[in-house]
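J.: This is the structure I want to talk about, given as C-alpha cells.
Just so it is clear, none of the values below were taken in a lab; they were calculated from the coordinates. Bear in mind that the values here come from a model prediction, so they are computed numbers and not experimental data. Cβ atoms come from the backbone with ideal geometry, glycine included; neighbour counts cover every protein chain shown.
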Amino acid sequence: MRTSQLLIPTLREDPGEAEVVSHRLMLRAGLIRKVAAGVYAYLPLGLRVIRKVERIIREEMDRAGAQELLMPIASPAELWRETGRWDFYGKELFRIKDRHERDFCLGPTHEEVITDLIRRDVRSYRQLPLNCYQIQTKFRDEVRPRFGLMRGREFIMKDAYSFDRDEEGAKLSYQKMYDAYQRIFTRCGLTFRAVEADTGLIGGSSSHEFMVLAETGEETIVYDEEGTYAANVERAEALPPAGTSTETTRPLRKVPTPGARTVEEVVAFLKTTPQRLVKTLLYKTPSETVAVLVRGDHEVNETKVKKLLGLTDLNLADAETVAALTGAPIGFAGPIGLRHTRIIADHAVTGLRNVVVGGNQADTHYVDANLDRDFSISQFADLRNARAGDPSPRGGGRLRATRGIEVGHVFMLGTKYSQAMGAKFLDPQGQERLAVMGCYGIGVGRTAAAAIEQHHDAKGIIWPAQIAPFHIHLLSLSQSAEVSKAARALYDSLIETGLEVLWDDRDERAGVKFNDADLIGAPYQVLIGDKGLAQGTVELKERKTGEVKRLPPGQLPQHAKTLLRQEIRVT
Ligand code: ATP
Ligand code: MG
C-alpha cells in the first residue's frame, strides 16, 4: 500500500494523555485514536495489527479443534438473571433498555449466551465435547479505563467455551486451550509466563493467566527459583511462618504516638520494626464490619479476604464508621477492646509476641500486646500478599516477583453455568448429566499493546514480524524519475514475492520518512536513493538492529523473503 493514499496520521510529539509506552506509540504511529474514555477507533495500521493477532488466534483455535461462531453483542437480561450475574456483575456491566423498557446488556463475556445455545441444541453425549469460540467486541464499564487498548471499555476479545461429558474430558479441553495459548503468544513474538490465577467474577474452580512480562504491567506475579510455582499475587499462597516467638510476654502498655498513623511513622516513633507491629484494617461489608490483621511489613490481600468472607466487593470502612467503632480517626484502630467487629488475622500474626497495635484512641498505640491475653481472633487464614523472598509454597526455593500484563486467561468452570441454566445431555445409559465447562479469553488489543511494551526503542515500535502491520517499509528517498521508477518496480516485485509492503511515496524529506518508518516499526526498511541506484543497489535495513545491507534491487525480494520466512509464514 502507498502512504500517500493511507490514513497514517503520525505525531511528532508525545501525546500528553499516554502514560505507558504502548499507548504513546500507538497514538504517535497513527494506529489508534480515542473516541471516548476507553473507546478507540482502529486506524488502518492499527487494524492490520489487530487482524494479524486475530489470524494467529484463529489458526491455533482451529488447530486445537475449536470452532468459530459469532454471538450477539446485546443479550437479554433474563439470561443473566438465570445465573445471578445481572446483579452480581455490578457497574462494570453496560446496561441498556429497548423501546419496550426491556433490559439488555452489552456482553462483557458470553457464558450465559453460549450456555443457552448449547442447552437448546445439544441433547446427547454424542454431540460432546464441543468447543466454540468467537472474536468479538466486548463491553466493560471499567472503573479506570487507561493505557489505551490495554484497559478499554470497548475492546476485542477472543472468547472460547468448552462443553464436555465429564470432568476428565473438561481437563483435556482445558489442556488443549492452554497449549494453544502457548503457541499463540509465542507466535505473537511475546515473552510470557502462564501463572495460577484467581477466578474473579467469572467463577469456577481453577485457572491460569498468561502474563506478558513487562515493567508497566498492572499485575504482580511471583514465581519460585526452581520453576515449580508461578502465580498472580492475587492468588499466590503465602505459607505461615515456621515456628513461634519464644519471647516471654511483657505487660501491656498504652503509649502516646502523636501524629503517627502509618506503619513507618509508628515504627520510627517507637523505635521498633514493622515485623513487631500488627496492622488493623477495617472493612465494611453489607452485613458487618470486619477487622483484618496482618503483620506490619505485610500487605492485606483483598482477593483472599473476599474469598474467605464470600464477598464480591470489599471496601475499607469510611472515617465515620472507623470513628464510631474505635472512637478515633483512621490510623489508630487495633484489636484490643474493639467491639461489634469480627476480627480475622493472617497466619503470620499467630506466632508473634509483644507487638504494637493501634490504641483505638487518637494518637495512641498499645505496645507489648499479646494474642489471647489482650485480644482474640475469630479466624486465622492466609490473608496477605506473597512477596519476593517468601518460601515457595511448592518447595521450589524462594519466591521472586515481577510485573506482568494479563493477555489471556483460561478457566475450568465445572458445572457452575450448566447447573444454573440447565445445560444437560443424556449419557449412554440415558441418564441426564450436566455439561462440564471451561472458558478461555484473549484480549486482542491488549496483546498488540503488550507486544509494543516488549518491543520498542526510543525511536518507536519494533514489531515482531508475525504481527507487524507490514513486513517491509519501502522508502523512496527522492522524487527523481529514476528513484520513482525503481521504487515502483521493487514495490511490485516485493508484493509478487508474497510480502506486505508499505511504500512511502510521499513528497517528503528523507528525514521525515526515516522517522516515520522507525516510529511505525515494520521489521525491515528498504531505502531507494539516487546515489545507491547509480551504483546499482538499494539498502535493506533491519529495524531492530539498524543493520544495513546493500543489494541489487533484483535480489532484494528473495533475500527479504528468506529473512522473514524465519519468523513468519510468507506464502
Ligand atoms: P483484568 O483483570 O485485567 O480486568 P479480567 O480478568 O477481567 O482482566 P477476563 O475476564 O479474563 O479479564 O478477560 C479475558 C481477557 O480479556 C483478559 O485476559 C484480557 O486480555 C482481556 N481484557 C479484559 N478486560 C479488558 C479491558 N478492559 N480492555 C482490554 N482487554 C481486556
Ligand atoms: Mg477485569
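J.: Taking neighbour counts of Cβ atoms within 10 Å as a proxy for exposure, in what order, fewest first, do CYS132, CYS188 appear?
T.: Values: CYS132 20, CYS188 23.
Fewest to most other Cβ atoms nearby, the residues stand as CYS132, CYS188.
J.: Right, another one. Can you pull the Rg over Rh of the range 470-567, Cα-only, Kirkwood?
T.: In the range 470-567, Rg relative to Rh is 0.92.
J.: I've got another one for you. Spelling out what I want: for every residue of the range 315-320, take phi, set θ = phi - 60°, compute 6.51 cos²θ - 1.76 cosθ + 1.60 (Karplus), and round to whole Hz; glycine and proline get x.
T.: So the Karplus estimates, Gly and Pro as x, are 10, 4, 5, 7, 4, 5 Hz.
J.: Could you tell me what a quarter of the Cα convex hull surface of the range 307-359 works out to, in nm² with one decimal place?
T.: Computing the convex hull of the Cα atoms and averaging its projections yields 4.6 nm².
J.: Based on DSSP H runs of at least 4 residues, each adding -39500 (n - 2.57), what is the mean residue ellipticity at 222 nm of the chain after dividing by all its residues, to the nearest 500 deg cm²/dmol?
T.: Using -39500 (n - 2.57) per qualifying helix, the result is -8000 deg cm²/dmol.
J.: In Å, the Kirkwood hydrodynamic radius of the range 26-168 over pairs of distinct alpha carbons?
T.: Hydrodynamic radius (Kirkwood, Cα pairs) of the range 26-168 is 17.0 Å.
J.: Against the longest principal axis of the chain, how steep is helix 167-187, in degrees 0 to 90 to the nearest 10, with axes from Cα atoms?
T.: 50
J.: Give the lysines whose C-alpha is closer than 22 Å to that of LYS544, dropping any in the same chain fewer than 8 places away, or say none.
T.: Candidates past the 8-residue exclusion: LYS52, LYS459, LYS513, LYS561.
J.: Let me ask something additional. On a 0 to 90 degree scale, rounded to 10, what angle separates helix 444-454 from the longest Cα axis of the chain?
T.: Result, in degrees: 90.
J.: If you don't mind, another one. Put a dot 7 Å past each Cα toward the Cβ at GLU82 and ASP492; how far apart are the dots in nm?
T.: 5.9
J.: So, in the range 253-381, how many Lys pairs have Cα atoms under 19 Å apart, if the pair is 8 or more places apart or on different chains?
T.: Lysine pairs, 8 or more places apart or on different chains, close enough: 8.
J.: For the range 253-381, what D do you get in µm² per second when you plug the Kirkwood radius from alpha-carbon pairs into Stokes-Einstein at 37 °C and 0.692 mPa s?
T.: 227
J.: Oh, and also: With a 10 Å Cβ neighbour count serving as the proxy for reagent exposure, in which order, fewest first, do THR562, THR137 appear?
T.: THR562, THR137
J.: Treating the beta-carbon of each Lys and Arg as +1 and of each Asp and Glu as -1, no other charges, what is the dipole magnitude of the range 253-381 about its Cα centre, to the nearest 20 debye? Before the final figure, lay out the partial values.
T.: Working: 15 positive and 14 negative charges, 67 e Å.
Its charge dipole is roughly 320 debye.
J.: Could you work out the equivalent-ellipsoid semi-axes for the range 105-182, taking the square root of 5 times each eigenvalue of the Cα gyration tensor, largest first, in whole Å? Write down the numbers at each step before the final one.
T.: Details: eigenvalues 165, 52, 15 Å².
Three semi-axes, in Å: 29, 16, 9.
J.: In addition: Viscosity 0.890 mPa s, temperature 25 °C: give me the Stokes-Einstein translational D for the range 38-108 in µm²/s, with Rh taken as the Kirkwood radius over C-alpha pairs.
T.: This corresponds to a translational diffusion coefficient of 163 µm²/s.
J.: On to the next question. Return the inverse of the average 1/r over all pairs of distinct C-alpha atoms in the range 412-476, which is the Kirkwood hydrodynamic radius, in Å to one decimal.
T.: With all distinct Cα pairs of the range 412-476 included, I get 16.2 Å.
J.: Please grab the % of Cα pairs in the range 447-513 that end up more than 14 Å from each other.
T.: Value for the range 447-513: 65 percent of Cα pairs lie more than 14 Å apart.
J.: Just need the Rg to Rh number for the chain, please, alpha carbons only, Kirkwood Rh.
T.: Details: Rg = 29.0 Å, Rh = 27.3 Å.
For the chain, the value is 1.06.
J.: How would GLU406, GLU264, GLU196, GLU567 line up from fewest to most surrounding beta-carbon atoms within 10 angstrom? Intermediate values should be presented prior to the final figure.
T.: On the way: GLU406 22, GLU264 11, GLU196 19, GLU567 15.
By the 10 Å Cβ count, ascending, the order reads GLU264, GLU567, GLU196, GLU406.
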